[in-house]
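Below you'll find the structure, written out as structure tokens, and then a few comments.
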Amino acid sequence: MKVLVIGPGGREHAIVRALAADPYVEEVHCAPGNAGIARDVPVHPIDAQDPEAVVALARELASELVVVGPEAPLAAGVADALIAAGIPVFGPTRAAAQLEASKAFAKEIMAEAEVPTAMARVATNTEEAAAALDAFGAPHVVKDDGLAAGKGVVVTNDRAEALAHAELCFEAGGTVVIEEFLDGPEVSLFVICDGKHAVPLSPAQDFKRIFDNDQGPNTGGMGAYSPLPWLPEGFTEQVMERVAYPTLREMEKRGTPFTGVLYCGLAITRRGIRVIEFNARFGDPETQAVLARLKTPLGSLLLAAAKGELDDAEQLHWHPQTAVDVVIAAENYPDAPVKGATIQGLDEANAIENVHVAHAGTATDAEGNITVAGGRVLAVVALGDDLAAARRAAYEGVAKISWPGAQSRSDIGLKAERGEIVVNQESN
Ligand code: AMP
Ligand code: GLY
């Protein structure tokens, strides 16, 4: 099978690697990719958000499956164009991708499908926002309604800061969703869907804030690990039953069946599992950890989903090790990142046993050096016999890599390693 992967980031590098390891996949291409992906497979410099350009490339390459990584091409209708051209695509249509592209739409679907989530109100002006903040109380959660690459959410005890974020969104012509605060550990569960049937991947945990101890602003994600040794028995089954299947049924009922990854961002609160958000794609950087453990050939799984032929009884096979990945971000990320620096130490990091480096925002300069070209630049991925060993290997890799202003968290997976994550569930 010939597969084309769409997207530029670390998630796509992980997908490309997993597909290349699939014995049924003979050719992998990526567009636009990045400097690291270009070392592994052919890359094509197209505008990934232009549906016609993606269709033209898939035709030229005789792709038998297109896997769309990021949300922006999905929201731009890339999957719709591929479907219209008769090319199997893993990723939802524009209408189904609204589950991620509009938080208000996601709330409506959850309400209809009785999926447990935070209480929320949509606000379109300052008065409504202020009233909603006061109704829920602190900590305040204010979300830009549209796509914001993980950075449109402010969680704060400071009412003035919460209101200021809402006003910024209004000034930009948007609306906001204001929510009750969900207290409890977070889990990312990726569910592979074919419109009707669904198969869960192994749960992961992501670290959203830029600094150690969950301090500083939200980012796209600074690291992840999988599996989660502290999860209660039956967790995944419960999410499938209470979240994934009801959502799939509701989307199908509306005539917009969901094909692709239903990314369930969950909080385990005292009162049970709650959905924090849906995304319509694999998470980044969780995918780098999750796919590092997947033994089942990825290409056949995604093709079955694309064709509506998923077997929801399928048992996926996993390496027994734990995977950890640590993101190294550019200076000044998540604000405007400083680009252009040459990255040192990539070969040394890749040479460590059970460690590899997934590229995100990287480019190659005229001399052939790999340089910083985005906010999140790399993810150092490691496998280990347990979380402690995986963390040790990942941080050994991180220590090899440098450029001026490089930032990474030192505590990815640390609380779990120390057994400090407590799941407190009174009832469901
Ligand atoms: P989102 O883009 O909706 O995933 O939000 C980004 C991050 O903000 C989440 O991963 C959580 O850490 C935090 N967050 C979002 N909504 C809530 C909520 N209702 N309660 C607590 N934290 C939240
Ligand atoms: N890691 C969070 C996301 O992909 O949205």
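The values are calculated or read from the model by the stated rules, or taken from the named source; none is laboratory data. Quick caveat, the model's predicted, so the values are computed rather than measured. In this analysis, Cβ positions are derived from the backbone assuming ideal geometry, glycine residues included, and neighbour counts consider all displayed protein chains.
Points to keep in mind about this one:
- The sole residue among A58, A72, A95 that is more than 21 Å from C264 (Cβ to Cβ) and either part of a loop (DSSP other than H, G, I, E, B) or not hydroxyl-bearing (S, T, Y) (or both) is A58.
- Which listed residue is of a type in the set (S, T, N, Q), over 15 Å from K400 (Cα atoms) and in contact with a strand residue (DSSP E or B) (Cβ under 7 Å, 6 or more places away or on another chain), from T342, T364: T364
- Check on T269, over 24 Å from A18 (Cβ atoms), more than 16 Å from ligand 2 (Cβ to nearest atom) and among the hydroxyl-bearing types (S, T, Y): yes
- Condition met for R281 (within 16 Å of ligand 1 (Cβ to nearest atom) and at pLDDT below 95): no
- Number of the condition not met by H29 [criteria: (1) buried (at least 24 other Cβ atoms within 10 Å of the Cβ); (2) touching a Ser or Thr at 6+ places or on another chain (Cβ under 9 Å); (3) part of a strand (DSSP E or B)]: (1)
- Residue satisfying condition, being buried (at least 24 other Cβ atoms within 10 Å of the Cβ), among the aliphatic types (A, V, I, L, M), closer than 26 Å to M110 by Cβ and in contact (Cβ under 8 Å) with a residue 40 or more places away in the chain, within set L298, L302, L291, L310: L302
- Qualifying residue in the range 259-278 (condition: more than 16 Å from ligand 1 (Cβ to nearest atom) and within 18 Å of the chain's Cα centre (by Cα)): yes
- Those strands (runs of 3 or more DSSP E) of the range 128-202 in which at least 3 residues are under 27 Å from L414 (Cβ atoms) and not acidic (D, E), considering only elements entirely within it, cover 153-156, 186-194.
- First in the range 48-72 and among the hydroxyl-bearing types (S, T, Y), second anywhere and surrounded by 19 or more Cβ atoms within 10 Å (Cβ to Cβ), Cβ under 7 Å, 6 or more apart: S63/V3; S63/L4; S63/I87
- With respect to the conditions (1) more than 22 Å from P70 (Cα to Cα); (2) surrounded by 15 or more Cβ atoms within 10 Å (Cβ to Cβ); (3) touching a Lys or Arg at 6+ places or on another chain (Cβ under 8 Å); (4) touching a residue at least 12 places away in the same chain (Cβ under 8 Å), A135 lacks only one, and its number is (2).
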